Amino acid sequence: MDASTLQLVGSHGGWRLIDNGTPSFWFLERDQAMQIAQVIADSRAGLRFIPTRIEVENAAGELELIASFP
């Protein structure tokens, strides 16, 4: 795998974590979802040398790059 993308999108009153296009987890709070996404991204980049991006859906429904782990 060359790179990885984690996306947080609004879903049923909470937040869905999408891992490389596959829905993975659902969280009630955005902060919870963001913390888990950061742990996953940091682990992939640090242990497996896979660059990982975190994108979050904004109020307009667009994905914004929030963090990048080289």
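Rule-based calculations on the coordinates, nothing more; no lab input. All figures in this text were calculated on a predicted structure; none of them were measured in a lab. Note: ideal-geometry Cβ built from the backbone for every residue, glycine included; neighbour counts use all protein chains shown.
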Exercise for review: Give me LEU47, LEU6, LEU63, LEU17 ranked fewest to most by other Cβ atoms within 10 Å of their Cβ, as a rough exposure proxy.
Suggested key: LEU47, LEU63, LEU17, LEU6
Practice item. Net charge near ILE54: determine it from the other residues with C-beta under 15 Å of the C-beta of ILE54, scoring Lys and Arg +1 and Asp and Glu -1. Key: -3
Point to revise | Spin-label model distance (nm) - HIS12 vs VAL39, 7 Å beyond Cα toward Cβ | key: 2.2
Exercise for review: Give the label of the value calculated from the structure for percent of Cα pairs over 16 Å apart, choosing from (i) 37; (ii) 41; (iii) 72.
Suggested key: (ii)
Study note, to complete from the structure: Among chymotrypsin sites (Phe, Trp or Tyr not before Pro) in the chain, those in a DSSP loop whose Cβ has at most 11 other Cβ atoms within 10 Å are PHE49
Point to revise | 0 to 90° range, to nearest 10: angle between helix 30-47 axis and the chain longest Cα axis | key: 10
Exercise for review: Provide VAL9, VAL56 in ascending order of the number of other Cβ atoms located within 10 Å of each residue's Cβ, fewest first.
Suggested key: VAL9, VAL56
Point to revise | Per-residue [θ]222 nm for the chain (sum of -39500 (n - 2.57) over DSSP H runs n ≥ 4, rounded to 500) | key: -8500 deg cm²/dmol
Point to revise | Taking the chain and dividing mean pair separation by its residue count, relative contact order in percent (alpha carbons under 8 Å, at least six apart) | key: 30
Revision key, fill the gap. Ordered by number, the trypsin sites (Lys or Arg not before Pro) in the chain that occupy a DSSP loop and have at most 10 other Cβ atoms within 10 Å are ARG48
